[in-house]
Structure formats: structure tokens, C-alpha cells
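The values are calculated or read from the model by the stated rules, or taken from the named source; none is laboratory data. The structure presented is a predicted model; accordingly, all values stated were derived computationally and were not measured. A quick note on method: Cβ atoms are made from the backbone with ideal geometry, for glycine too, and the neighbour counts reach across all protein chains shown. Side chains included, ligands, DNA and RNA excluded: accessible areas come from the protein's heavy atoms. Shrake-Rupley method; radii C 1.70, N 1.55, O 1.52, S 1.80 Å.
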Amino acid sequence: MDTSDSTPQPDLTPAARAVTRLVGAVRDEQLGDPTPCPKYAVRELLAHIDGLSLAFRDAARKDLGQTTDTSPDTALPVLDDAWRTTLPVRLDELAEAWRRPEAWEGMARAGGVDLPASVAGSVALNELVIHGWDLARATGQEYDPGEASAAVSYEIVRTTDDDSLREGIFGPPVAVPDDATLLDRVVGLSGRRPDWRPGD
């Protein structure tokens, strides 16, 4: 997205709040359950959401360091014992950081990758939308990140057509029906089956 014009920047708040609602309803006995992310159980997915919230919060603040320099693939994420308290706070901080106009200016870094801040903010929103869906499916919850959030994610997954980039971020696209919702289209383009259920 071009920050030089008057195009409004995406608001991460609806998606962050949707994920926060999901987090609040996760039961302890669900932490070991599978998710649409093959390498992650629910506990690792929660830890990944926590890590990306910190990384993209600091990217927005231009506070570069360990949180922004570390690839998420370095090691399996470990869930903090205080996650029920800390994760909602970090999700709120993430959304707040990207509400500042200067967050979208210049360059940013996340996962050890330098990229335009205008792109980083949209990637952060996409991460919330897709991993929120993962968490909702894994824990049997309803999920609605908002139409505007889904639209931003759709553009991210639709335009990532470089196979080498897709391999590190998304799986091969999954076909969805012509009348699929926008969120299901996002999910399919990210390499997930919209009808995924635990045990699949």
C-alpha cells in the first residue's frame, strides 16, 4: 500500500479483538489439540500468535531487536505460563502500535526480514486473520475478523504468487466453491481447507 496518498491504512483492532475473544475461551484441556497448522498444537499456535504480536508491535514502533530479528521458524514456540493475561495485552498493543500514522512510514523489520512498513502492517493483519481462523477451528469457536480485515488478507494471499515465497508462508492453494465467503477464499488461498476439523 502506498503511504504517500490519502488511502486509509488498515485497522488491526477488529481482528485483534476477535483473536482476543478466542483466546479467552480456550480451555486448558484443548492446549494439546491439533490445529490446521501441522507443526502446531493449540499451545504452540497461541505461542506463535504471542510472538508475532510482539514482533509486529515492535516493527510498528521501529523498535528493532530480538523480537523483530528472529525468524518464527527458528524453534517451536513455547507458550508462556501467563498467556491468559499477557496475550490479550500484547494483541491490544499490536493494534495500538499500528494506529499511529508513522508506523506505516519508511521501512520495518519482522521475522528478520526488512520490508516497507506499509507492507508489514498488512502482513501483521493477515497473520491475525489466518491464525485467528486456525485457533477458532482448533477450539470449535465461531470467528469473524471483519470484512475489511478479510479483504486485506485476501489481497496479501492473492498476490503472493512467487512459489518460493508461498513455500515459506503459505501452502499450495486449496480450491473453494464459487460461492465461498471472502474468509473461506482467504483460507483456501493460504493453503488451508475451509472445512478443516480436528481429526482431519
Condition first: open to solvent by less than 10 Å² (accessible area, probe 1.4 Å) and closer than 17 Å to C37 by Cβ. Can you find one or more residues in the stretch 106-128 that meet it?
yes
Give the number of residues within the stretch 18-56 that are more than 16 Å from the chain's Cα centre (by Cα) and part of a helix (DSSP H, G or I).
4
Pick from the stretch 141-153, criterion in contact (Cβ under 8 Å) with a residue 40 or more places away in the chain and open to solvent by 10 Å² or more (accessible area, probe 1.4 Å), ranking: nearest to G199 (Cα to Cα)
Q141
Answer yes if at least one residue in the stretch 87-97 is touching a residue at least 12 places away in the same chain (Cβ under 8 Å), over 17 Å from G132 (Cβ atoms) and buried (at least 19 other Cβ atoms within 10 Å of the Cβ), and no otherwise.
yes
So, first residue farther than 17 Å from A124 by Cβ in the stretch 34-59, second residue outside any loop (DSSP other than H, G, I, E, B) and among the small types (G, A, S), Cβ within less than 6 Å, six or more apart or across chains; the pairs are T35/A138; V42/A138
Would you check if there is a residue in the stretch 62-78 being part of a helix (DSSP H, G or I), of a type outside the set (A, V, I, L, M, F, W, C) and surrounded by fewer than 18 Cβ atoms within 10 Å (Cβ to Cβ)?
yes
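Residues are listed down the side, and each one gets a yes or a no for (1) at pLDDT below 95; (2) surrounded by 12 or more Cβ atoms within 10 Å (Cβ to Cβ); (3) hydroxyl-bearing (S, T, Y):
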{"position": "E155", "(1), (2), (3)": "yes, yes, no"}
{"position": "D179", "(1), (2), (3)": "yes, no, no"}
{"position": "S190", "(1), (2), (3)": "yes, yes, yes"}
{"position": "D200", "(1), (2), (3)": "yes, no, no"}
